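Structure first, commentary second.
Computed from the coordinates by the stated procedures, all read-outs in this text should not be read as laboratory data. Not measured: the values here are computed from a predicted model. No Cβ is skipped: glycine too gets one built from the backbone with ideal geometry, and neighbour counts run over all protein chains shown.
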């Protein structure tokens, strides 16, 4: 998102909590409504990609996390050694 460090998927993720209301979302991010509309227009054009990015963000299983962090390694620690 131009002029910020936010990604489109994050704006859309938050937008869903606001029922995709552009006025409320603009107030939340303290940005102009046109900035919000740009993110939502991008989402309208590429919904699969944005939804996948949101799903990846919410993932808790290792295989999904590995897609986002290809060098990640799974380390299993037995419960008796977890102290």
- Item | Counted residues, the stretch 1-13 - those being surrounded by fewer than 16 Cβ atoms within 10 Å (Cβ to Cβ), within 24 Å of residue 69 (Cβ to Cβ) and touching a helix residue (DSSP H, G or I) at 6+ places or on another chain (Cβ under 9 Å) | 3
- Task: Take the residues in the stretch 38-61 that are in contact (Cβ under 8 Å) with a residue 12 or more places away in the chain and in contact with a helix residue (DSSP H, G or I) (Cβ under 6 Å, 6 or more places away or on another chain), then tell me which one is nearest to residue 74 (Cα to Cα).
- Result: 56
